[in-house]
Each structure stands twice: as C-alpha cells, then as structure tokens.
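*Asks:* Could you have a look at this structure, given as structure tokens, before my questions?
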Amino acid sequence: MSSDNCKEVRVYFYYLTVERIKDRCDESVYKIVEVAKILSRFFSFLVEKGLNDRKIDNENLMEVAWLDKFSDIGNGNYNLIFKSAKYNHVRNEIDTITMEELGTRKRPQDADQEKTHLCIRLNEKRKSFLVVHEGNSDGLPIGRILVYLNNKLREYCEESENEYQYKLISEIIPGDDFLEELKKSTKPITLLELTIESTLLDPYLKIADRDSVRKTIKVLIKRPKGYRKMPENLIKSYYENMQSDSIIQRVTAKYSNEKIADTDIFRMKRNLNVRKADVTNEVDSDDFFIKAQNFISQNGGQ
C-alpha cells in the first residue's frame with residue numbers, strides 16, 4: 001500500500017467497565033457476558049433511531065454528536081463509528097490556489113462532520129472491555145463519547161423497562177513511560193499507593209447500593225526496612241501485575257507525600273498506519289478496524 005494513500009493515526013487504550021446499579025437487597029451475581037448482551041441490544045436500539053433522536057446537542061461546545069454505525073462481531077466485541085459536527089462557525093472562505101474570495105457559504109447551523117472510531121473487545125477474565133480509541137483532534141475524546149453513551153444507555157434502560165440501570169466507566173491503560181519517568185526522578189521513591197479492586201472485601205461491603213465491578217480501595221506500600229528507597233524490581237512487579245489481569249488498577253509512586261509518577265498520567269498510545277479517503281483525507285473505517293484488531297491480536301489481546 002502506497003504511503004501516499006495512508007496516514008498515521010494515534011490511538012489510545014482504555015479498560016471499559018460497566019457498573020450495574022441495583023437495589024441493595026438484590027443478591028444476583030454480576031456476569032460480564034450478560035452485560036455484553038445488554039450492550040449489543042443497546043447499540044442496536046440506538047442505531048435504529050432517527051438521527052434527531054440519536055444525536056446529543058452540546059450547546060456549550062456548539063457541537064452535535066451521535067453514534068453513526070455499529071457492528072456486532074460477536075462474543076462481546078463491537079466496532080463503533082461516531083460522528084460529530086461543530087456548528088455556529090461561519091467565516092469568509094477563500095480558494096487557496098487562486099486566492100479568490102468565496103464569501104460566507106455556510107449557515108450558522110451548517111457544520112463539517114468528523115468521524116471517531118472505537119473498538120470494544122470483551123475481556124472476560126478482567127470482567128471488563130478493552131477499548132481502542134482513535135485520537136482525532138477534531139472528533140470526540142473518550143470522555144464525551146462516554147457522556148453520550150451513558151445518556152443514551154439511561155434512555156434505553158428506561159424505554160425497555162430494563163431490570164437494572166448501567167453506567168460505562170473508562171480507565172486509562174498505562175504505557176511504559178511510567179517506568180521511564182521514575183528513572184528520571186532525582187528523589188527516591190519511598191511509598192507506593194496502589195488502587196485495587198475491592199473484590200476480596202466484597203462480603204464486608206454489602207451496605208453499598210451499587211453493584212460496581214470497580215469498587216476500589218487504596219493500599220499503601222512503604223519501602224522495606226533497611227532500604228533508602230523502594231527497590232526498582234518491586235515497583236516493576238506491581239506495575240506489570242497491573243497490566244495483567246490483576247486486581248491492581250493504578251500505581252502511584254511517591255516521595256513522602258509528593259507524587260513522582262502516576263500510571264493514570266502516562267496512558268498507553270500507539271500509531272497505526274491506516275488507509276485514508278481520497279477527498280476528505282479521513283480515516284478509512286474498514287482499514288482502521290482491521291489495523292486495530294491486528295494490533296490487539298499481536299499484543300496478547302483477542
């Protein structure tokens with residue numbers, strides 16, 4: 001494939017958990033496979049709606065956003081294409097080749113559409129999903145996508161009279177920059193703060209109203225006795241455990257109470273070489289999802 005027909009696309013990686021909100025006396029077991037079936041029905045329900053019912057209008061940003069296309073590829077795996085458009089941006093236009101002024105051809109309600117791609121892949125062991133998000137600076141960041149989906153998911157649960165309400169929550173997958181940042185520090189790491197899943201304590205947390213698979217607690221690990229600083233192999237061990245199917249969700253390295261490095265800051269990102277459209281220069285959707293899936297497969301994912 002010619003490099004002229006491709007573009008470098010930055011992608012970011014997240015874990016997506018689905019919180020199930022239930023009555024406190026409900027003792028039913030949370031099953032991620034059942035939640036995946038709910039998501040399948042939800043996405044199908046959403047794309048069957050007309051665009052006016054599907055969109056959300058963010059008046060503060062003067063932007064509309066909607067789920068444009070959805071592919072259910074089975075077993076809790078989905079490819080989603082979102083579109084967004086910023087309105088109320090009318091300017092005088094010019095032909096940059098001839099320098100001919102073209103005037104204002106847009107109306108305030110007219111806007112350019114932007115695509116944002118999202119891969120969602122089920123991770124049963126972790127009771128969550130892996131997400132690959134296209135980092136389009138003109139498109140939708142992950143936060144606005146989740147606001148949109150949670151708004152529509154609430155509508156779906158109400159309209160379908162679903163037994164439970166659900167909420168989507170994203171967690172950053174850290175990149176190796178975290179370990180590199182520790183090496184740069186001139187101050188010794190004396191404390192690790194681990195944010196861990198509270199699964200082991202669930203029998204003692206029955207007073208909680210929410211059935212969240214991501215209730216968390218913080219655990220402080222002090223440097224071992226006789227050590228001036230936290231051993232590097234110990235930090236690396238906790239970090240590598242966090243990236244596997246461990247209950248560790250976040251690692252914060254500190255000097256006393258001063259934060260030195262945090263895995264939430266150094267999120268995992270990569271570049272994909274993806275085919276582009278001829279006229280709009282947009283990412284080719286089919287090729288994006290193929291390249292994203294190849295990357296997941298080659299790096300121990302699905």
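*Asks:* With the requirement that a residue be in a loop (DSSP other than H, G, I, E, B), farther than 20 Å from Glu282 by Cβ and not β-branched (Val, Ile, Thr), what does the range 70-90 give you?
*Replies:* Gly74, Asn75, Gly76, Asn77, Asn88
*Asks:* Right, something else. Looking at Ser40, Ser2, can you tell me which residue is closer than 29 Å to Asn136 by Cα, small (Gly, Ala, Ser) and at pLDDT 95 or above?
*Replies:* Sole residue among the options that is closer than 29 Å to Asn136 by Cα, small (Gly, Ala, Ser) and at pLDDT 95 or above: Ser40.
*Asks:* Please enumerate the residues belonging to the range 133-144 that are closer than 18 Å to Glu171 by Cβ and either of a type outside the set (A, V, I, L, M) or modelled with pLDDT of 95 or more (or both).
*Replies:* Correct list: His133, Gly135, Pro141, Gly143, Arg144.
*Asks:* I'm trying to understand the selection: among the residues of the range 48-58, which are surrounded by 15 or more Cβ atoms within 10 Å (Cβ to Cβ), without any contact (Cβ under 8 Å) to a residue 24 or more places away in the chain and among the aliphatic types (A, V, I, L, M)?
*Replies:* Listed by number, the list is empty, since nothing qualifies.
*Asks:* Name the residues in the range 27-38 that are surrounded by 13 or more Cβ atoms within 10 Å (Cβ to Cβ) and either among the β-branched types (Val, Ile, Thr) or under 24 Å from Phe82 (Cβ atoms) (or both), would you?
*Replies:* Hits for the range 27-38 are Ile32, Val35, Ala36, Ile38.
*Asks:* Among the listed residues Arg41, Arg10, Arg24, which satisfies the condition of being among the basic types (Lys, Arg), surrounded by fewer than 20 Cβ atoms within 10 Å (Cβ to Cβ) and assigned to a helix (DSSP H, G or I)?
*Replies:* On inspection, the qualifying residue turns out to be Arg41.
*Asks:* If you take the residues of the range 61-101 that are among the aliphatic types (A, V, I, L, M) and at pLDDT below 90, which of them is farthest from the chain's Cα centre (by Cα)?
*Replies:* Taking the candidates together, the pick is Met99.
The values are calculated or read from the model by the stated rules, or taken from the named source; none is laboratory data. Note that the coordinates shown come from a computational prediction; the quantities given were computed from them, not determined experimentally. Note that we place each Cβ from the backbone using ideal geometry, even for glycine, and neighbour counts take in every protein chain shown.
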